[in-house]
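Below is one structure, written out as structure tokens, with a few remarks after it.
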Amino acid sequence: MRFTTIFRKAPIQIGHLQSSVKLLRPRPRNHTNRFFRKPKLVKTQTPEAKVYTRDTVSNIYNILKYSTWESARAQLPNLGIKWDSHIINRVLKSHPPMQKAWLFFNWASDIKGFKHDHFTYTTMLDIFGEAGRIQSMYSVFRLMKEKGVVIDTVTYTSLIHWVSSSGDVDEAVRLWKEMRGSGCEPTVVSFTAYMKMLFDGGRVDEATGVYKEMLRSRVSPNCHTYTVLMEFLVGTGKCGEALDIFFKMQEIGVQPDKAACNILIGKACKFGETSHFSSSASYSFHIH
């Protein structure tokens with residue numbers, strides 16, 4: 001008997017044939033074999049909402065601004081925040097009221113395991129400097145020294161900026177010399193800020209010397225550096241020299257920005273030298 005006949009007819013009730021048929025019939029798929037696994041039942045969980053740093057900072061800022069310090073001091077420890085330099089610095093940079101910022105700064109000093117670094121100190125220093133509280137700013141600076149916090153070029157640049165803004169150029173010059181004496185190397189930002197301060201204070205020879213020192217130090221001037229130079233030259237009637245810088249800076253790959261063009265055009269108009277700067281006006285039009 002052929003096997004095809006066996007599959008067409010009903011099962012024959014003979015033991016050995018029946019067992020043979022059973023052997024020849026395809027086995028039903030076993031859904032529990034190793035190639036098929038039942039999906040595990042996963043308990044439905046509500047995902048935790050992400051808390052972003054900006055939201056945390058905004059919340060702390062609102063507490064400091066709209067609450068009394070007594071109320072704020074009671075709320076801060078219960079926010080469930082891991083207090084670190086990044087969070088503290090971001091809160092200070094959000095510009096809460098000056099007095100609250102100082103109270104918050106001192107409150108943070110007492111947090112177990114936390115120490116202020118040069119970032120948080122410099123930001124607190126900036127808050128006092130911007131408010132014109134120069135003596136308070138110096139108090140923070142002295143505290144940095146007492147605590148052994150590293151004082152870098154950024155901190156000194158902030159000090160020089162706020163001291164010169166208060167009108168004390170001589171003290172700003174002293175700070176510059178102190179910075180150099182302490183081994184802090186000026187950056188393009190600090191060189192440029194110091195040059196501008198000297199030009200604005202009428203100390204042209206010193207400003208020129210700083211520019212030469214910058215070049216000797218292999219610090220490349222940026223657009224703002226050239227803008228400071230051009231602003232001074234136009235202000236003293238040396239429009240031709242300013243225009244030379246305007247073209248040469250582009251030749252070496254430094255493109256003037258809108259601020260540079262606007263300053264040049266504005267100064268030229270003030271001194272009646274607009275004919276020199278028709279090209280910069282055209283350039284300004286194209287980058288707007």
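Looking at (1) farther than 23 Å from Y156 by Cα; (2) in contact with a Lys or Arg (Cβ under 9 Å, 6 or more places away or on another chain); (3) among the aromatic types (F, W, Y), find the lone condition where Y226 falls short.
In the conditions (1) farther than 23 Å from Y156 by Cα; (2) in contact with a Lys or Arg (Cβ under 9 Å, 6 or more places away or on another chain); (3) among the aromatic types (F, W, Y), Y226 misses (1) alone.
It is to be established whether one or more residues within segment 156-165 are more than 14 Å from K93 (Cβ to Cβ) and assigned to a loop (DSSP other than H, G, I, E, B).
Let us first name the residues in segment 156-165 that are more than 14 Å from K93 (Cβ to Cβ), namely 156-157, 159-165.
From what is left, the residues that are assigned to a loop (DSSP other than H, G, I, E, B) are none.
No, segment 156-165 has no match at all.
For segment 103-140, which residues satisfy the criterion of being among the aromatic types (F, W, Y) and surrounded by fewer than 21 Cβ atoms within 10 Å (Cβ to Cβ)? So that I can check it myself, show each step before the final result.
Just the residues of segment 103-140 that are among the aromatic types (F, W, Y), to begin with: 104-105, 107, 114, 119, 121, 128, 138.
Scanning segment 103-140 gives F105, W107, F114, F119, Y138.
From the residues in segment 176-200 that are crowded, with 22+ Cβ neighbours inside 10 Å and of a type in the set (S, T, N, Q), which one is nearest to I151 (Cα to Cα)?
S190
Matching residues to (1) hydrophobic (A, V, I, L, M, F, W, C); (2) assigned to a loop (DSSP other than H, G, I, E, B); (3) farther than 25 Å from R180 by Cβ:
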{"site": "S220", "(1), (2), (3)": "no, yes, no"}
{"site": "T225", "(1), (2), (3)": "no, no, no"}
{"site": "L229", "(1), (2), (3)": "yes, no, no"}
{"site": "G237", "(1), (2), (3)": "no, yes, yes"}
{"site": "F247", "(1), (2), (3)": "yes, no, yes"}
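For segment 156-175, how many residues meet the condition of being hydroxyl-bearing (S, T, Y) and crowded, with 18+ Cβ neighbours inside 10 Å? Before you say what the answer is, go through the steps one by one.
Pass one, segment 156-175, residues hydroxyl-bearing (S, T, Y): 156-158, 164-166.
Right, trim to crowded, with 18+ Cβ neighbours inside 10 Å and you get 156-158, 164.
Matching residues across segment 156-175 total 4.
Restricting attention to segment 159-180, does a residue exist that is of a type in the set (A, V, I, L, M) and in contact with a Ser or Thr (Cβ under 6 Å, 6 or more places away or on another chain)?
Keep residues of segment 159-180 that are of a type in the set (A, V, I, L, M), which gives 159-160, 163, 169, 172-173, 175, 179.
Imposing the further condition that a residue be in contact with a Ser or Thr (Cβ under 6 Å, 6 or more places away or on another chain) reduces the set to 172.
There is at least one residue in segment 159-180 that is of a type in the set (A, V, I, L, M) and in contact with a Ser or Thr (Cβ under 6 Å, 6 or more places away or on another chain).
With respect to the numbered conditions (1) surrounded by 16 or more Cβ atoms within 10 Å (Cβ to Cβ); (2) basic (K, R); (3) under 21 Å from V150 (Cα atoms), which one is the sole condition not fulfilled by K100?
Tallying (1) surrounded by 16 or more Cβ atoms within 10 Å (Cβ to Cβ); (2) basic (K, R); (3) under 21 Å from V150 (Cα atoms), K100 fails exactly one: (3).
Quick one: count up the residues across segment 249-280 that are part of a helix (DSSP H, G or I), at pLDDT below 90 and surrounded by 15 or more Cβ atoms within 10 Å (Cβ to Cβ).
Of the residues in segment 249-280, 11 are part of a helix (DSSP H, G or I), at pLDDT below 90 and surrounded by 15 or more Cβ atoms within 10 Å (Cβ to Cβ).
Report yes if some residue within segment 147-155 is β-branched (V, I, T), touching a residue at least 12 places away in the same chain (Cβ under 8 Å) and under 26 Å from M230 (Cα atoms); otherwise report no.
Looking only at segment 147-155, we keep the residues that are β-branched (V, I, T), and these are 149-151, 153-155.
Applying the additional criterion that residues be touching a residue at least 12 places away in the same chain (Cβ under 8 Å) yields 149-151, 153-155.
With the extra rule that they be under 26 Å from M230 (Cα atoms), the set shrinks to 153-154.
Within segment 147-155, one or more residues are β-branched (V, I, T), touching a residue at least 12 places away in the same chain (Cβ under 8 Å) and under 26 Å from M230 (Cα atoms).
Mind listing whichever residues of segment 98-148 are under 20 Å from L76 (Cα atoms), among the charged types (D, E, K, R) and assigned to a helix (DSSP H, G or I)?
K100
The values are calculated or read from the model by the stated rules, or taken from the named source; none is laboratory data. Predicted, not measured: the structure shown is a model, and the values here were computed from it. Methodologically, a virtual Cβ is constructed for each residue, glycine included, from the backbone with ideal geometry; neighbour enumeration extends over all protein chains shown.
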